[in-house]
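Only the coordinates and a few stated rules stand behind these numbers; no lab work does. Since the model is a prediction, treat every value here as computed from it, not as a measurement. Cβ: placed from backbone, ideal geometry, glycine included. Neighbour counts: every protein chain shown.
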Amino acid sequence: MRAVILAGGLGTRLRPYTTVIPKPLVPIGDRPVLEHIIRSLAKCGVDRMDLCVNYLGDLILVYLAQIDLPSELRLAFHWENEPLGTAGALRTVSDLEGTFIVMNGDVLTTLDYDDLVRFHHRQEAALTIAMHKKRVDIDLGVIECEDGLVRDYIEKPSLSYQVSMGIYVYEERALRYLPAEGPCQFPDLVLRLLEAGERVAAYECNADWFDIGTVHEHERAVVDIEQFPEKYDLEAPALEPHDMFRTME
């Protein structure tokens, strides 16, 4: 199985961290988020990974050259001379064939990639989007009105949406709908596929998921990995004496 990791973003929402390191190298626990991604994909049988890089991409290359990755894993780097977007970046990978995973390089998740790919094949889709339920709290009173009259008043409602996890499964034919040149964002590609009558599948899951593109989400991911390291195939940290006393109380 093959996967493409989109690792070329500027990471502006994570500044000041990303002024000196690229977003995929921002640490969560004892390793960068990119290393978490690579190891979780390899565990699910992905043995070929393509990294689309741009901003501070040299640092990503240097880091990955120094760590001990599975011997059967093949890594390739593809450079964007200019930002091509979350779909257009795939044009830098010239030999994509068959079925392959594409994902953002800033995602920490316990998603079962095998199950995602099986679902994609059952749906006979050109593209499958992994989704996660997200609650949005509105801190104001929401008024529903019609013809100048109030029909309902809802105080501080909570709304739930299925949002993209930044993880996708592509069939080769989906690449035909990319523009020949210039940037293309993923939502634009989805709309092109739908307009052409192609099947775009929606995979719902309850896996843990953190998009560390913001400081708040990064902090949440750090807390989760410290509390539940086994979910991410990490060993629990050794307890300091004062921690041991706390657990006995």
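Annotations for the structure displayed:
- When each of the peptides 203-214, 134-145 is scored by the mean number of other C-beta atoms lying within 10 Å of its residues, the order from highest to lowest reads 203-214, 134-145.
- The chain: antiparallel DSSP beta bridges as a percent of all, rounded to 5: 55 percent
- If R0 is taken as 30 Å, the Cβ-Cβ distance between residue 75 and residue 216 corresponds to a FRET efficiency of 0.45.
- Reach of residue 231 by Cα under 23 Å, taken over lysines that are not fewer than 8 positions away in the same chain: 23, 43, 133, 134
- When +1 charges are put on Lys and Arg Cβ atoms and -1 charges on Asp and Glu Cβ atoms, the dipole computed for segment 49-97 relative to its Cα centre reaches about 60 debye.
- Using a Gaussian network model of the chain in which every pair of alpha carbons under 10 angstrom is joined by a spring, one finds that among 146, 181, 219 the greatest mean-square fluctuation is at 146.
- Toward the positive end of the charge dipole of segment 20-129, with +1 on the Cβ of Lys and Arg and -1 on the Cβ of Asp and Glu, the farthest Cα among 20, 34, 108 is that of 108.
- Stokes-Einstein translational diffusion, segment 91-222 - Kirkwood Rh over all Cα pairs, 0.692 mPa s, 37 °C, in µm²/s: 190 µm²/s
- Net charge contributed by nearby residues that have their C-beta within less than 10 Å of residue 84 (K/R +1, D/E -1): -2
- Extent of the chain along its three principal axes (Cα atoms, max minus min coordinate, largest first): 64, 59, 38 Å.
- Cβ-placed point charges (K, R +1; D, E -1), dipole of the chain about Cα centre in debye, nearest 20: 440 debye
- Across the options 140, 165, 127, the greatest Cα extent toward the positive end of the charge dipole of the chain (unit charges at beta carbon of Lys, Arg, Asp, Glu) belongs to 127.
- Each Cα pair under 8 Å and six or more residues apart adds its separation to the average, and for the chain the resulting relative contact order is 23 percent.
- Most mobile of 34, 51, 69 in a GNM of the chain (Cα contacts under 10 Å): 69
- Net charge over other residues, Cβ less than 11 angstrom from the Cβ of residue 205 (K, R count +1; D, E count -1): -3
- Cβ-defined net charge surrounding residue 139, 14 Å radius [Lys, Arg +1; Asp, Glu -1]: 0
- In this structure, residue 230 and residue 176 have a Cβ-Cβ separation that, at R0 = 35 Å, corresponds to a calculated FRET efficiency of about 0.25.
- GNM top mover of 130, 89, 196 - the chain, alpha-carbon springs below 10 Å: 196
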